[in-house]
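The values are calculated or read from the model by the stated rules, or taken from the named source; none is laboratory data. Only a predicted model underlies this, so the values are computations on that prediction, with no experimental measurement involved. Reconstructed Cβ throughout: ideal geometry from the backbone, glycine too, with neighbour counts over all protein chains shown.
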Amino acid sequence: MIQFMTNQKIAQTLEMLADLLEFQGANAFRLRAYRNGARVIREMPDSIEKLLENDQDLAEFDGIGKGVAAKCQELVETGKLEQLEQILEEVPRSVLDLLNVPKLGPKKAAALFNELGISSLEQLEAACREGQLQQLPGFGEKTEAAILAGIAIAVAANQRILWSDASLIVDQLREHMASAPALNQMEFAGSYRRGKETVGDLDLLVDSDCPQEVMDHFAKFDSIQSTIVRGETKMSVRLENEFQVDLRVVPGTSFGAALQYFTGSQAHNVLIRGQAKQRGLKVNEWGLFRVNSEGDDEWLAGRKETEIYEGLGLPWFPPEIREARVESEWAEVRPLPALIETGDICGDLHMHTTATDGRATLEEMVAAAKAIGLNYIAITDHSQRVTMAHGLDGDRLLAQWDAIDQLNRAANDEFLVLKGIECDILEAGGMDLPDDVLARADWVIASIHYGQQQSRQQITDRIVGALQHPHVSMLAHPTGRLINRREPYQVDMEAVFQAADENGKLLELNANPRRLDLNDVHLLAAKQRGIPVVINTDAHRTEGLEHMKYGVQQARRGCLVPADVANTLPWDELRQRIGRE
Ligand code: DGT
Ligand code: CA
Ligand code: CA
Ligand code: ZN
């Protein structure tokens with residue numbers, strides 16, 4: 001039987017095809033068509049399968065060409081792609097892992113496969129250690145060292161996926177499990193529930209008295225590749241993308257206790273057990289108990305998670321902060337500080353337009369921001385140094401600001417578009433645009449895009465210099481990391497915090513799910529030093545504005561409340577905070 005073909009699966013297949021074709025040296029134009037198509041299909045509200053059933057021509061959708069439409073048809077009708085099957089006969093699937101190594105482009109990866117027969121990360125690591133790579137044309141000693149250093153990142157990328165990617169699987173699983181028999185309630189526990197930036201596996205917890213029926217239904221989930229283990233009440237499966245899902249079925253009387261236990265983190269649970277012990281209690285995945293000297297413990301609670309915390313004399317800690325960082329300090333605090341929520345955000349102060357590397361025009365970004373209920377935004381395109389993104393020089397920037405002035409004047413509403421710029425911090429230090437231009441902005445972002453390999457001292461000096469600059473308002477994506485792709489640059493965060501604090505500057509929490517920079521630990525450090533954080537999407541297309549929720553979730557992990565986040569303020573107040581006219 002042909003399996004149900006979700007948009008998600010179609011998109012994944014197209015992406016895999018593109019990756020493998022790139023590995024084989026196919027032309028960039030075709031690859032882009034497949035990748036764009038995959039993105040459009042992933043975000044489409046309608047199911048491709050349904051559209052085809054109704055004889056809809058897919059090529060009529062923006063971003064889907066004839067080639068992609070034909071591939072969709074083939075996938076829906078046959079469940080596979082002939083072209084992909086053929087490629088997989090020539091190269092093993094594991095070469096895709098090689099493409100996750102930073103500094104190892106598809107061309108180099110293909111050379112390694114063809115010349116040295118390397119088709120997995122293990123083989124790559126062994127070959128680097130034996131110095132085999134530097135024997136090949138185009139590979140020096142330096143390249144070899146860089147590739148060896150990058151393997152760790154690729155291995156991590158194989159083991160942990162972005163929270164935002166996990167959430168796509170969660171949505172599908174929720175939908176699939178909704179029709180499971182005898183299911184009373186369910187929840188995804190573990191790192192997913194804690195909102196961690198990457199997720200190692202999913203922990204699905206189900207309340208039911210019929211575990212076998214629930215597991216039978218779970219086993220029918222579309223993307224399951226294999227069952228790792230199945231027992232009386234537990235089951236673990238591997239999905240087609242190698243991702244693992246653990247299912248546990250518990251009775252309603254234990255659901256809250258199990259939810260608490262399997263949400264973790266392990267460090268948080270150590271604190272919880274310690275608190276229980278102090279009070280002559282015991283807590284495990286079955287419930288909260290009073291310990292009796294005879295050994296027959298008395299069951300106290302377990303139905304609801306809140307009852308566990310209450311029974312221990314603790315506040316109910318939101319899952320995001322269960323990392324053993326603040327719980328001891330907050331144990332006596334009532335009520336707990338209310339962590340920030342997406343609805344608290346009034347403005348978005350970092351985004352791009354078609355003037356540089358954005359995909360939407362100024363007008364389109366403004367319309368989209370209004371539609372999602374923001375009160376103000378700053379347009380912050382790149383500055384001239386970012387040649388790859390067609391960065392703005394002073395003249396083009398002033399022209400954009402004129403357009404923004406006109407837009408604000410013409411609109412008869414309260415919405416405000418701010419004149420901003422994402423100004424590069426130059427490799428030698430200093431800002432990429434003259435002071436007299438920056439002085440006229442409403443909002444100046446400083447950021448590093450070049451010279452990321454410099455020494456810790458150089459990078460720190462550049463950033464501190466920018467934070468001392470009178471016209472700079474905020475430092476964007478302060479550590480420059482790309483999760484699973486690029487390590488943060490070497491920077492002395494203590495010095496950055498101090499410079500921000502002394503000069504009244506703000507630090508960004510970039511909400512892009514691949515950046516989430518500052519990270520949770522840095523956010524808590526910023527909060528403790530009283531440095532305001534700004535959560536921005538850095539949107540490069542209108543849909544990018546939706547990323548705010550990922551940033552807010554990360555902010556919650558940093559224990560931030562609305563007062564810690566500057567863009568919960570109306571612009572007038574925020575402007576005074578940063579000393580702008
Ligand atoms: P992950 O999957 O690596 O992103 O992280 P978690 O936190 O989801 O970890 P996972 O899936 O191994 O286990 C889920 C939760 O279950 C974990 O946060 C705490 C609890 N747990 C699992 N195994 C143990 C264990 O051996 N001891 C204790 N105390 N707790 C455990
Ligand atoms: Ca997990
Ligand atoms: Ca697990
Ligand atoms: Zn940006």
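Kindly indicate whether any position in the stretch 475-498 is under 25 Å from I153 (Cα atoms), of a type in the set (G, A, S), touching a residue at least 24 places away in the same chain (Cβ under 8 Å) and in contact with a Ser or Thr (Cβ under 7 Å, 6 or more places away or on another chain). So far as the stretch 475-498 goes, yes, one or more of its residues are under 25 Å from I153 (Cα atoms), of a type in the set (G, A, S), touching a residue at least 24 places away in the same chain (Cβ under 8 Å) and in contact with a Ser or Thr (Cβ under 7 Å, 6 or more places away or on another chain).
Within the stretch 50-62, the residues that satisfy the criterion of being at negative phi and surrounded by fewer than 16 Cβ atoms within 10 Å (Cβ to Cβ) are K50, E53, N54, Q56, D57, A59, E60, D62.
Restricting I10, I64 to those that are under 28 Å from S119 (Cβ atoms) and either assigned to a helix (DSSP H, G or I) or touching a helix residue (DSSP H, G or I) at 6+ places or on another chain (Cβ under 9 Å) (or both) reduces the list to I10.
Selection of the stretch 330-354 for residues being surrounded by fewer than 22 Cβ atoms within 10 Å (Cβ to Cβ) and of a type in the set (S, T, Y) yields T342, T354.
Looking at this structure, is G105 under 30 Å from Q132 (Cβ atoms), over 31 Å from the mean Cα position of the chain (by Cα) and in the same structural domain as R30 (by TED's automatic domain parsing)? Criteria not met by G105. Residue-level check: of (1) assigned to a helix (DSSP H, G or I); (2) surrounded by fewer than 22 Cβ atoms within 10 Å (Cβ to Cβ); (3) within 16 Å of ligand 4 (Cβ to nearest atom), Q452 misses just (1). Of all residues in the stretch 169-188, exactly one satisfies the criterion of being part of a loop (DSSP other than H, G, I, E, B), out of contact with any strand residue (DSSP E or B) (no Cβ under 9 Å at 6 or more places or on another chain), farther than 21 Å from K304 by Cα and of a type outside the set (S, T, N, Q), namely P181. Of all residues in the stretch 187-226, those being out of contact with any helix residue (DSSP H, G or I) (no Cβ under 6 Å at 6 or more places or on another chain) and away from ligand 3 (no atom under 11 Å from the Cβ) number 19. Among the residues of the stretch 455-479, those that are in a loop (DSSP other than H, G, I, E, B) and in contact with an Asp or Glu (Cβ under 7 Å, 6 or more places away or on another chain) comprise H471, A476, H477, P478, T479. Residues that are modelled with pLDDT under 95 and within 16 Å of ligand 3 (Cβ to nearest atom) were ranked within the stretch 152-168; the one that is nearest to E122 (Cα to Cα) is Q159.
Only residues that are under 16 Å from V250 (Cβ atoms) and among the acidic types (D, E) were counted in the stretch 196-233, giving 5. Of the numbered criteria (1) more than 24 Å from the chain's Cα centre (by Cα); (2) surrounded by fewer than 24 Cβ atoms within 10 Å (Cβ to Cβ); (3) within 27 Å of Q553 (Cβ to Cβ), the one L467 fails is (2).
The lone criterion from (1) outside the structural domain of L168 (by TED's automatic domain parsing); (2) not in a helix (DSSP H, G or I) left unmet by A267 is number (2). Among L560, L523, L516, which is the only one that is on the phi > 0 side of the Ramachandran plot, in contact with a helix residue (DSSP H, G or I) (Cβ under 7 Å, 6 or more places away or on another chain) and crowded, with 24+ Cβ neighbours inside 10 Å? The conditions single out L516.
Which residue, of A399, A378, is away from ligand 1 (no atom under 16 Å from the Cβ), modelled with pLDDT of 95 or more and over 24 Å from G465 (Cβ atoms)? A399 is the lone residue from the list that is away from ligand 1 (no atom under 16 Å from the Cβ), modelled with pLDDT of 95 or more and over 24 Å from G465 (Cβ atoms). When T387, T342 are checked against the criterion of being among the polar types (S, T, N, Q) and without any contact (Cβ under 8 Å) to a residue 40 or more places away in the chain, T387 stands alone in meeting it.
Would you confirm, using the coordinates I've provided, whether E363 is surrounded by fewer than 18 Cβ atoms within 10 Å (Cβ to Cβ), outside any loop (DSSP other than H, G, I, E, B) and either out of contact with any Lys or Arg (no Cβ under 8 Å at 6 or more places or on another chain) or among the basic types (K, R) (or both)? Spelling it out, E363 is indeed surrounded by fewer than 18 Cβ atoms within 10 Å (Cβ to Cβ), outside any loop (DSSP other than H, G, I, E, B) and either out of contact with any Lys or Arg (no Cβ under 8 Å at 6 or more places or on another chain) or among the basic types (K, R) (or both). When the stretch 136-148 is filtered for residues that are in contact (Cβ under 8 Å) with a residue 40 or more places away in the chain and out of contact with any Leu (no Cβ under 6 Å at 6 or more places or on another chain), the ones remaining, listed by number, are T143, A146. Which residue pairs have Cβ atoms under 7 Å apart, sit 6 or more places apart or on different chains, and have a first residue in the stretch 80-98 that is within 23 Å of N7 (Cα to Cα) and a second that is β-branched (V, I, T)? Close Cβ pairs satisfying both conditions: L81/T13; L84/T13.
A count restricted to the stretch 30-60 and to residues that are modelled with pLDDT of 90 or more, outside any helix (DSSP H, G or I) and under 20 Å from R541 (Cβ atoms) stands at 0.
Among the residues that make up the stretch 219-227, is at least one of them within 31 Å of the chain's Cα centre (by Cα) and part of a helix (DSSP H, G or I)? The answer is yes; a qualifying residue exists. Scanning the stretch 262-282 for residues that are in contact with a strand residue (DSSP E or B) (Cβ under 7 Å, 6 or more places away or on another chain), crowded, with 19+ Cβ neighbours inside 10 Å and without any contact (Cβ under 8 Å) to a residue 60 or more places away in the chain yields a total of 3. Filtering the stretch 94-107 to residues that are surrounded by fewer than 18 Cβ atoms within 10 Å (Cβ to Cβ) and either more than 13 Å from V155 (Cα to Cα) or β-branched (V, I, T) (or both) leaves K103, G105, K107.
Looking at Q134, Q123, just one residue is closer than 25 Å to A18 by Cβ, modelled with pLDDT under 95 and either assigned to a helix (DSSP H, G or I) or charged (D, E, K, R) (or both), and that residue is Q123.
Taken over the stretch 152-165, the criterion of being within 9 Å of ligand 1 (Cβ to nearest atom) and in a helix (DSSP H, G or I) is satisfied by Q159 alone. Among the residues of the stretch 242-261, some residue qualifies, meaning at least one is at pLDDT below 95 and part of a loop (DSSP other than H, G, I, E, B). Among residues of the stretch 194-211 that are closer than 21 Å to F317 by Cβ and among the basic types (K, R), those with a Cβ under 8 angstrom from a residue that is more than 16 Å from ligand 3 (Cβ to nearest atom) and part of a loop (DSSP other than H, G, I, E, B), sequence gap 6+ or separate chain, pair up as R194/E323. Residues in the stretch 194-214 that are more than 16 Å from ligand 1 (Cβ to nearest atom) and surrounded by fewer than 22 Cβ atoms within 10 Å (Cβ to Cβ): 5 in all.
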